[in-house]
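Notes to accompany the following structure.
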Amino acid sequence: MDLFSYELEQDRKASQPLAARMRPESLEEFIGQETILGKGTFLRRMIEADHIPSIILFGPPGTGKTTLATVISNTTGCHYEQLNAVAAGVADIRRVTEDAKERLLMQRQRTLLFIDEIHRFHKGQQDALLPYVEDGTIILIGATTENPYFEVNSPLLSRMRVIRLQPLDKQDMIRILKQALQNNNRGLGQKGIKGDDMALEMIAILANGDARTALNILEQSVDMLEAEEGKKLTVDFVRSVSDEITPLYDKSGDQHYDVISAFIKSMRGSDPDAALHYLARLLAAGEDVKFIARRLVICAAEDVGNADPQALNLAMSAAQSVQFVGMPEARIPLAQAVIYIACAPKSNAAYVAIDRALRDVKTKDCGQVPFHLRDAHYKGARQFGHGEGYQYPHDYEDSFVRQQYLPDNIFDAVYYEPTDNGQEALLGKRLQAIRQKMNKAKKKGNPQ
């Protein structure tokens, strides 16, 4: 490289965002992810031994997936190639793999191929990688924010090891921020800005585990501070730059399913505070309120059921209110329904009962509808025996008459077993009395 080219390269690096300039170049510089990169861990041993296998780095944005791939490339003796799944196609894969094959044959050097956002490759593109991963022509490192068990083809996934990266904790974030403030070559050290510990903690909280976001907030804060000729970074100044936490949420990804799961389980577990917390996460991330309302209706029927039938009414009212008023006011009926469902007595007896009945219908010869229950309204039905012997319950005391309703093959099946919770206990007592009367009739040999 000549002097002119060197100066251009230095200018290019100097103009990069702080997050790009401060990207670690070695394992020693890498901060966080101790569970996968700490001393003695599998991945660290493989990197240090230059025996890295094909891996998928899975985690939220800003947790170090691309950085880790770069560190691995700097540490190993492999040739490094990088593709972005958004822009690359099968032709790019073929070019890289053909070059890798020739490099392995002629120079005895393996190729490390890093593919960012590998989940965006369709099946054909992923299949094109498979033989080269399998025969060792390339060492594949894929990075994804999406769950690879959903987004990566099983044949390719089975030949790779999934490494999960977690959001960085607050202390690691503060270390990264201090390093950026003090580094004279790649960071902000030459600016002479002092960072108040509380201000750095505030940035770490706002970034919510995303190092890239934290460094961006720091850089913007320092730029504004310089414009005002200040030298002290305070909490108030950070708040003037960014006052809302970056939501760790993707409406189509893992966070979506994890938060919804926690939301439902908190209502089922009768914890209104936790349920409201997860509702707030969903709303803050811009989740479709109609989707939230549908989950409330399902939870009211599945988990509260007849222990408190009013829960389903309230959930349906909330669902209608959401469509009528929209956001931000829709948060209020949603919160009302969430609190009621969480605090209501619980019963999944209806949910269990219908699944038992469906299982019988799908797996057993249940027999025909009894003749006395069949439709007898059309002309000629009586000739087939339809309706013959049917007894109209309202003609009897308590609107109850002993007659068989289930088909002969499963006449004694029991699906619904009420709990003793809430109003379902009253249903249970009435049903127990009805079943006892029905059983007496069966013992007398007169199921009808």
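The values are calculated or read from the model by the stated rules, or taken from the named source; none is laboratory data. Note that the structure is predicted; figures quoted are calculated from it, not measured. Using ideal geometry, Cβ is built from the backbone for each residue, glycine included, and neighbour counts are taken over all protein chains shown.
Exactly one residue out of Ala315, Ala307, Ala335, Ala300 is touching an Asp or Glu at 6+ places or on another chain (Cβ under 6 Å) and of a type in the set (A, V, I, L, M, F, W, C): that is Ala307. Scanning the range 149-167 turns up one or more residues that are outside any loop (DSSP other than H, G, I, E, B), closer than 17 Å to Pro60 by Cα, among the basic types (Lys, Arg) and modelled with pLDDT of 90 or more.
Of all residues in the range 404-436, those satisfying the criterion of being in contact (Cβ under 8 Å) with a residue 40 or more places away in the chain, part of a loop (DSSP other than H, G, I, E, B) and in contact with a helix residue (DSSP H, G or I) (Cβ under 7 Å, 6 or more places away or on another chain) are Ala413, Tyr415, Tyr416, Glu417, Pro418, Thr419, Asn421, Gly422, Gln423. Scanning the range 189-209 for residues that are surrounded by 15 or more Cβ atoms within 10 Å (Cβ to Cβ), in contact with a strand residue (DSSP E or B) (Cβ under 8 Å, 6 or more places away or on another chain) and outside any helix (DSSP H, G or I) yields Ile193, Gly195, Asp196. Restrict the check to the range 389-399 and report whether at least one residue is surrounded by 14 or more Cβ atoms within 10 Å (Cβ to Cβ) and touching a Leu at 6+ places or on another chain (Cβ under 8 Å). Yes, the range 389-399 has at least one match. Among the residues of the range 48-77, those identified as surrounded by 19 or more Cβ atoms within 10 Å (Cβ to Cβ) and among the aliphatic types (A, V, I, L, M) are Ile52, Ile55, Ile56, Leu57, Leu68, Ala69, Val71, Ile72. Taking the range 58-104 as the range and being among the polar types (S, T, N, Q) and touching a strand residue (DSSP E or B) at 6+ places or on another chain (Cβ under 9 Å) as the test, the residues that pass are Thr63, Thr66, Thr70, Ser73, Asn74, Thr76, Gln82, Asn84, Thr97. The residue pairs whose first member lies in the range 212-235 and is assigned by TED's automatic domain parsing to the domain that holds Gly187, whose second member is among the hydroxyl-bearing types (Ser, Thr, Tyr) and at pLDDT 85 or above, and whose beta carbons are closer than 8 Å, counting only pairs six or more residues apart or on different chains, are Leu233/Ser221.
Mind checking which residues of the range 31-56 are in contact with a strand residue (DSSP E or B) (Cβ under 8 Å, 6 or more places away or on another chain) and over 22 Å from Gly136 (Cβ atoms)? Within the range 31-56, Ile36 is the sole residue that qualifies. Once the range 127-147 is narrowed to residues that are within 19 Å of Thr35 (Cβ to Cβ) and modelled with pLDDT of 90 or more, the residue that is farthest from the chain's Cα centre (by Cα) is Ile141.
In the range 282-332, what residues are assigned to a loop (DSSP other than H, G, I, E, B) and either in contact (Cβ under 8 Å) with a residue 60 or more places away in the chain or at positive phi (or both)? Once the filter is applied, which keeps residues that are assigned to a loop (DSSP other than H, G, I, E, B) and either in contact (Cβ under 8 Å) with a residue 60 or more places away in the chain or at positive phi (or both), the range 282-332 yields Gly286, Asp308, Pro309, Gly326. Give Arg212, Arg186 a once-over and let me know the one that is surrounded by 14 or more Cβ atoms within 10 Å (Cβ to Cβ), of a type outside the set (Val, Ile, Thr), under 30 Å from the mean Cα position of the chain (by Cα) and within 20 Å of Gln16 (Cβ to Cβ). The conditions single out Arg212.
Screening the range 285-315 for residues that are more than 21 Å from the chain's Cα centre (by Cα) and either outside the structural domain of Ser261 (by TED's automatic domain parsing) or closer than 20 Å to Asp258 by Cβ (or both) and picking the one that is surrounded by the fewest Cβ atoms within 10 Å (Cβ to Cβ) gives Glu302.
Residues in the range 221-244 that are assigned to a helix (DSSP H, G or I), under 31 Å from the mean Cα position of the chain (by Cα) and of a type outside the set (D, E, K, R): Val238, Val241.
Number of residues in the range 340-369 that are assigned to a loop (DSSP other than H, G, I, E, B) and either under 13 Å from Leu406 (Cβ atoms) or not hydroxyl-bearing (Ser, Thr, Tyr) (or both): the value is 10. Which residues, counting only those in the range 58-87, are out of contact with any Phe, Trp or Tyr (no Cβ under 6 Å at 6 or more places or on another chain) and assigned to a loop (DSSP other than H, G, I, E, B)? If the condition is that a residue be out of contact with any Phe, Trp or Tyr (no Cβ under 6 Å at 6 or more places or on another chain) and assigned to a loop (DSSP other than H, G, I, E, B), then Gly59, Pro60, Pro61, Gly62, Thr63, Gly64, Thr76, Gly77, Cys78, Val86, Ala87 are the ones that fit. Annotation: of all residues in the range 10-52 being under 30 Å from Val222 (Cβ atoms) and basic (Lys, Arg), the one that is modelled with the lowest pLDDT is Arg12.
The residues of the range 105-127 that are in a helix (DSSP H, G or I) and surrounded by fewer than 18 Cβ atoms within 10 Å (Cβ to Cβ), listed by number, are Leu105, Met106, Gln107, Arg120, Lys123, Gly124, Asp127.
Tallying residues that are surrounded by fewer than 11 Cβ atoms within 10 Å (Cβ to Cβ) and under 19 Å from Val414 (Cβ atoms) within the range 341-384 yields 4. Return yes when Gly89 is surrounded by 19 or more Cβ atoms within 10 Å (Cβ to Cβ), at pLDDT below 90 and touching a helix residue (DSSP H, G or I) at 6+ places or on another chain (Cβ under 8 Å) and no when it is not. Against the criterion (surrounded by 19 or more Cβ atoms within 10 Å (Cβ to Cβ), at pLDDT below 90 and touching a helix residue (DSSP H, G or I) at 6+ places or on another chain (Cβ under 8 Å)), Gly89 does not qualify.
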